[in-house]
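> What follows is a single structure, and I will ask about it in a moment.
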Amino acid sequence: MLVAVIGQSCVKSVSGRTDFEDLSPTVLISDGGVPNFKQNALLFPPTDDADTTYFHLNYAATTPAPVDEVITVGIDADALAAYNAQGGNQYEIFPDSIFSFTTTSVTVPKGNNYSAGVPLIVFPSKINLLNNYMLPISIKTVPAGSIVSASYKTIFYHLIGNPIAGLYTQEWIRYNTQTQTGTPAFDQDLSPGVFAPVDGLTINVTSGSGPIYVLTFTNTAGVLSNFQLSFDAASVTNSAIKITGGPTIVTADPTTGTYKFNYTYDNLNGGLRNITDIFGK
């Protein structure tokens, strides 16, 4: 990245060799820019009261910072407007109630090229999971003699809205048989069940037995259809259970907010299990 960003400045050739001595230092948000847009989607559990994420400022130069280099940053409403003007997903600015960002001045210490982490505090439990939100934070001023990277001036923190995301009641039913025969061994209220948005058409929610469901759907002008269910691979790999059937959608009704999923597994000790998770609004 250092070569890429300082390459924006003037480079001259001296006696058949490339001379970088006169390059201006370039200041950038190394975690930001459009290339890192997907990585800056905030996916904190929506039941958390508070979570913190960090970004860093890079003083990209041929040598470390000769003195403490001070850079100012701030929330950039113009960057939000410019992003929305490109079309595609449209975002609202973060409401004041869902975040805290008080940093205006960041220092890259003498002898270093990177700042310490700059914190953004988010309050997930206060977020409306149905809306798309964005908080662009941009470099405002840089030390004398340095320039700002055009590609990495802004970090685009964002939250992806999803029409079925949110908190649901969750009933978990387990039969200690392959089929639903007799009285279930467990029938418990595990509320809340969290439909956590992965993107605008995908949510994750955890079964009472541990595996994580991945539910996808199609959204046609607000009409939801074509629901598909699978497991998050990591949640069933190298686990103490072996999935023997499913997961299957029994019910997926976004109008009533009712979802019922079923699967079977072997607990590897010869015990067959039949699981149903029922979610409701």
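> When the helix-only estimate is applied to the chain (DSSP H runs of n ≥ 4, each -39,500 (n - 2.57), divided by the residue count), what is the mean residue ellipticity at 222 nm, nearest 500 deg cm²/dmol?
Values: 3 runs with 18 residues, N = 281.
Computed mean residue ellipticity for the chain: -1500 deg cm²/dmol.
> While we're looking at this one, here's another question. So, in nm, how far is label Asn131 from label Ala150 when the simple model puts each one 7 Å beyond its Cα toward the Cβ?
It works out to 3.4 nm between the two label points.
> Per residue, how many Å² of accessible area does segment 73-124 show with a 1.4 Å probe?
Value returned for segment 73-124: 52 Å² of accessible area per residue.
> Simple spin-label model, 7 Å along Cα-to-Cβ: Ile121 to Asp187 in nm?
Simple spin-label model gives 4.5 nm for this pair.
> Please build a GNM for the chain, connecting alpha carbons under 10 Å apart, and tell me which residue among Leu215, Leu201, Leu23 fluctuates the most.
Comparing Leu215, Leu201, Leu23 in the GNM, the peak value goes to Leu23.
> In debye to the nearest 20, how big a dipole does segment 200-281 give about its Cα centre with +1 on each Lys and Arg Cβ and -1 on each Asp and Glu Cβ? Could you put the intermediate results ahead of the total?
Details: 4 positive and 4 negative charges, 15 e Å.
Rounded to the nearest 20 debye, it is 80 debye.
> Right, next: Rolling a 1.4 angstrom probe over the protein heavy atoms, how many square angstrom per residue are accessible across segment 152-267? Intermediate values should be presented prior to the final figure.
Working: 5400 Å² over 116 residues.
In whole numbers, segment 152-267 has 47 Å² accessible per residue.
> Ignoring any ligand, DNA or RNA, what whole percent of the accessible area of segment 77-220 comes from carbon and sulfur when the probe is 1.4 angstrom?
In segment 77-220, the share of accessible area belonging to carbon and sulfur is 53 percent.
> Full extension from Ala233 to Val67: what is 0.36 nm times the residue separation minus their Cα-Cα distance, to one decimal in nm? Spell out each step's value before the answer.
Numbers: separation 166, 0.36 × 166 = 59.76 nm, distance 4.87 nm.
Extending this stretch completely gives an extra 54.9 nm.
> A further question on this structure: Could you give the size of the charge dipole of the chain about its Cα centre, using +1 on the Cβ of each K and R and -1 on the Cβ of each D and E, expressed in debye and rounded to the nearest 20?
For the chain, the charge dipole is close to 400 debye.
> Turning to a different aspect of this structure: Quick check: convex hull of the Cα atoms in segment 148-242, volume per residue, rounded to a whole Å³?
Details: hull volume 15.9 nm³, N = 95.
That works out to 168 Å³ per residue.
The values are calculated or read from the model by the stated rules, or taken from the named source; none is laboratory data. On a predicted model such as this, the values are computed, not experimentally measured, just so you know. Please note: Cβ atoms are built from the backbone with ideal geometry, for glycine as well, and neighbour counts cover all protein chains shown. Quick note on the areas: whole protein, heavy atoms, side chains included, nothing else; ligands and nucleic acids left out. Shrake-Rupley method; radii C 1.70, N 1.55, O 1.52, S 1.80 Å.
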